[in-house]
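The values are calculated or read from the model by the stated rules, or taken from the named source; none is laboratory data. Owing to the predicted nature of the structure, the values given are computational and were not obtained by experimental measurement. Here the Cβ positions follow ideal geometry from the backbone for every residue, glycine too, while neighbour counts run over all protein chains shown. Side chains included, ligands, DNA and RNA excluded: accessible areas come from the protein's heavy atoms. Shrake-Rupley method; radii C 1.70, N 1.55, O 1.52, S 1.80 Å.
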Amino acid sequence: MLTRRTLAKAAAVAPFATSLAAPALAQGARGSITMAQQAQPPTLDVHVTTAQASRNVNLHIHETLFARDEVSNPKPDLATGVDISADGLTYRFELREARFHNGKMMTSADVKASLIRYGKVGGSAFIMQPVESIETPNARTVVVRLKAPYPGFIAGISSPRAPCAILPEEEAVREANRIQFIGTGPFNFVEFRPDSHVKLARFDGYVQNTAYQGMDGFAGRKVVNVSEALIRFMPEAGARTAALQTNEAQVLEAIAVPAAQRLRGDRTLVMHEMMPWAFQTLMLNHAQKPMDNPLFRRAMQAALDLEEIMAISTDGLYRMQHGWQHPGTAYFAGDVGKALYNMNNKDRARALLREARYNNEEIILLGDSSFKNHNDTVVTATEQLKSVGINVRTVIADWPTAFAQRQKQDGWHAWALMLGIEPYEGPYGVVGFFSGQAPVQHVRDEVIEDCQRRLTTSLAEADRKKAVADFQARMYEEAIAIKCGDVGIVQATRASVQGYKPYRIPRFWGVNLA
């Protein structure tokens with residue numbers, strides 16, 4: 001028996017349209033908008049890549065059954081909602097009307113083929129592993145049956161990390177990196193010139209989602225007021241800033257905080273602070289002595305002045321927040337662990353070092369030169385730990401070298417990392433980072449493993465929230481890793497770009513060019 005869940009209609013503010021909704025064309029839509037971003041996409045196959053540079057483009061071309069709202073909660077997009085059976089094994093999706101860029105109307109056959117392809121080539125293909133079968137009883141209905149309950153299924157298919165996008169059936173049978181870039185989104189693909197740009201054009205046949213009144217993350221109503229969007233690849237930060245100042249670009253995916261501060265007085269520009277963007281963390285290697293001793297890890301936790309670390313590493317754009325989920329999201333665990341956050345208690349740290357019988361063993365803090373946040377976090381933490389008597393050596397490498405080193409069980413004790421997309425996705429990515437066969441700390445913690453089990457199998461939302469709260473408590477009580485705080489970023493636009501709302505992935509709908 002299927003029971004209606006509140007998730008199904010969480011965002012609905014108007015009845016589902018029974019006839020084809022009007023295209024999302026604004027009166028007088030005109031002009032071309034250009035965004036400068038640091039990297040070029042490694043591929044535009046929406047299923048395959050987890051690259052941010054790709055999703056900046058792909059999420060304008062493609063859409064998903066569920067997407068994320070302004071604070072990253074899953075909301076219906078190509079689906080009108082979902083019915084989940086009482087045993088958690090059957091998900092029944094009703095589809096809204098949508099049209100592909102080739103003119104074909106979307107049907108359940110397209111959805112089925114796309115989900116099957118994602119399970120083979122998807123950048124987060126594991127989200128399809130619990131699926132037993134996919135049925136299409138009619139053109140507007142898709143039924144997904146799971147082998148075992150997996151409450152994270154909607155979170156998985158709604159994540160923008162490697163979007164589980166719906167392709168035309170004839171494209172969904174193709175191998176990785178062999179598809180034509182055809183979606184149902186408000187922009188259609190025009191061209192991709194490597195080392196230069198991607199060009200998109202407003203899709204005149206876009207079918208509006210009338211269940212929403214306005215923008216809401218990558219769900220919501222997508223009204224396009226420009227005729228063309230250009231995404232340019234500009235690796236140098238100075239060049240991107242100059243392009244903004246000269247109106248060569250109207251949007252910057254991100255601008256350095258010092259440059260943003262310098263340009264705040266320029267009336268032709270607007271700076272958009274986005275908080276939070278990521279967690280700044282120190283990941284700890286429990287496979288190495290003395291980091292295998294919880295008393296030593298607690299000494300580190302007590303010694304650090306996290307606000308000094310955040311202020312230096314972010315150039316002042318930060319938030320002191322202890323939670324391992326973002327405030328305002330469904331799984332934020334409140335004050336759990338807060339008393340052990342940012343203690344900055346040197347006497348307590350020294351006492352814990354004595355209790356741990358620390359004998360001046362060398363501790364290696366691993367950072368990388370590619371990210372200022374990582375480098376400054378390591379350098380600042382090194383001096384703070386030395387001040388309580390810990391023998392610290394700093395190792396700074398480039399990002400590929402540092403990333404490869406942290407996968408080994410030796411050669412490092414603590415590693416600075418900005419954890420970005422995982423907290424945005426919700427609890428499954430964060431708890432999963434510290435559990436399973438290859439946890440970042442290299443030694444499995446049985447309490448965290450139990451939290452992960454309850455989170456991924458419990459059908460009651462209250463039980464899953466309790467699992468996340470227990471996870472957060474364990475992270476602080478055992479100093480599994482150290483969260484320093486929340487990092488923000490600044491996106492920038494020309495003042496002529498009206499209606500722009502900052503978001504994790506910049507959006508080209510809802511804006512006008514004055």
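Got the relative contact order for the range 218-358 handy, in percent, Cα pairs under 8 Å and 6 or more residues apart? Could the numbers behind the result be given before it?
On the way: 102 pairs, mean separation 31.1, N = 141.
Answer for the range 218-358 is 22 percent.
Kindly provide the GluC sites (Glu not before Pro) of the range 123-216 that DSSP labels as loop, not H, G, I, E or B, and whose Cβ sees at most 15 other Cβ atoms within 10 Å. Kindly include the intermediate steps, with their values, before the conclusion.
Working: sites: GLU132, GLU135, GLU169, GLU170, GLU171, GLU175, GLU191; in loops: GLU175.
Answer in residue order: GLU175.
Test of understanding: extend the Cα→C-beta vector of VAL395 to 7 Å, then name every residue of the range 278-295 with backbone N under 19 Å from that spot.
282-293
Lysines within cross-link reach of LYS483: Cα-Cα under 27 Å, excluding same-chain residues under 8 positions apart?
LYS289, LYS338, LYS346, LYS372, LYS386, LYS408, LYS465, LYS466
Express as a percent, rounded to the nearest 5, the fraction of DSSP beta bridges in the chain (both residues included) that run antiparallel.
Working: 62 of 80 bridges.
So the antiparallel bridges in the chain amount to around 80 percent.
Rounded if a/c is under 1.5, else prolate if a/b is larger than b/c, else oblate: which is the range 75-127, with a ≥ b ≥ c the root eigenvalues of its Cα gyration tensor? All intermediate terms of the calculation are to be shown ahead of the outcome.
Working: a/c = 2.31, a/b = 1.20, b/c = 1.93.
Cα axes put the range 75-127 in the oblate bin.
Relative contact order, percent, of the chain when contacts are C-alpha pairs under 8 Å separated by at least 6 residues? Display every interim value, and only then the final one.
On the way: 1173 pairs, mean separation 101.2, N = 514.
It comes to 20 percent, rounded to a whole number.
Once you place label points 7 Å from the Cα toward the Cβ at GLU308 and ASN293, how far apart are they in nm?
2.4
At a Förster distance of 60 Å, what's the computed FRET efficiency of ALA404 paired with GLN213, Cβ-Cβ distance as r, to 0.05? Kindly include the intermediate steps, with their values, before the conclusion.
Working: r = 48 Å, r/R0 = 0.80.
That pair, ALA404 with GLN213, gives E of 0.80.
The range 436-451 to the range 242-301: how many Å between their Cα centroids?
So the separation of the two Cα centres works out to 27 Å.
So how do THR50, THR329 rank on accessible area, 1.4 Å probe, biggest first, that is with the largest at the start? Kindly include the intermediate steps, with their values, before the conclusion.
Values: THR50 55, THR329 25 Å².
Per-residue accessible area, sorted high to low, gives THR50, THR329.
According to a simple spin-label model (label point 7 Å from Cα along Cα-to-Cβ), what is the distance in nm between ARG264 and ASP195?
3.9
At a Förster distance of 60 Å, what's the computed FRET efficiency of ALA139 paired with ASP450, Cβ-Cβ distance as r, to 0.05?
0.90
With the crude spin-label approximation of a point 7 Å out along Cα→Cβ, what separation in nm comes out for LEU340 versus GLU355?
1.1
Once the mean 1/r over all distinct Cα pairs of the range 437-488 is inverted, what Kirkwood radius in angstroms do you read off?
12.0
Give, in nm to one decimal, the length gained when the segment between ASP87 and SER369 is fully stretched (0.36 nm per residue of separation minus the Cα-Cα distance). Don't skip to the end; give the middle numbers.
Working: separation 282, 0.36 × 282 = 101.52 nm, distance 4.93 nm.
Roughly 96.6 nm would be gained on extension.
Output the relative contact order of the range 270-349, whole-number percent, from Cα pairs under 8 angstrom with separation of 6+ residues. The partial results should precede the final answer.
Details: 66 pairs, mean separation 28.6, N = 80.
This gives 36 percent for the range 270-349.
With P(r) over Cα pairs in 10 Å bins from 0, in percent in mind, check [x] 4, 18, 27, 25, 18, 7, 1, 0; [y] 4, 17, 25, 22, 15, 10, 6, 2, 0, 0; [z] 4, 19, 31, 29, 14, 3, 0 and report the label derived from this structure.
[x]
May I ask you to work out the translational diffusion coefficient for the range 334-385 at 10 °C, viscosity 1.306 mPa s, via Stokes-Einstein with Rh from the Kirkwood sum over Cα pairs, reported in whole µm²/s? Intermediate results must be reported in sequence, preceding the final value.
Numbers: Rh = 13.4 Å.
Rounded, D is 118 µm²/s.
Can you work out the base-10 log of I(q)/I(0) for the range 111-243 at q = 0.09, 0.22, 0.23 1/Å, using the Debye formula on its C-alpha atoms alone?
Debye intensities relative to I(0), on a log10 scale: -0.36, -1.44, -1.46.
Determine the principal axes of the Cα atoms in the range 396-472, then give the extent along each, sorted from largest to smallest and rounded to whole angstroms.
The principal-axis extents, from largest down, are 45, 25, 16 Å.
What whole-number distance in Å separates the alpha-carbon centres of the range 137-197 and the range 344-410?
Value for the Cα centre distance between the two parts: 41 Å.
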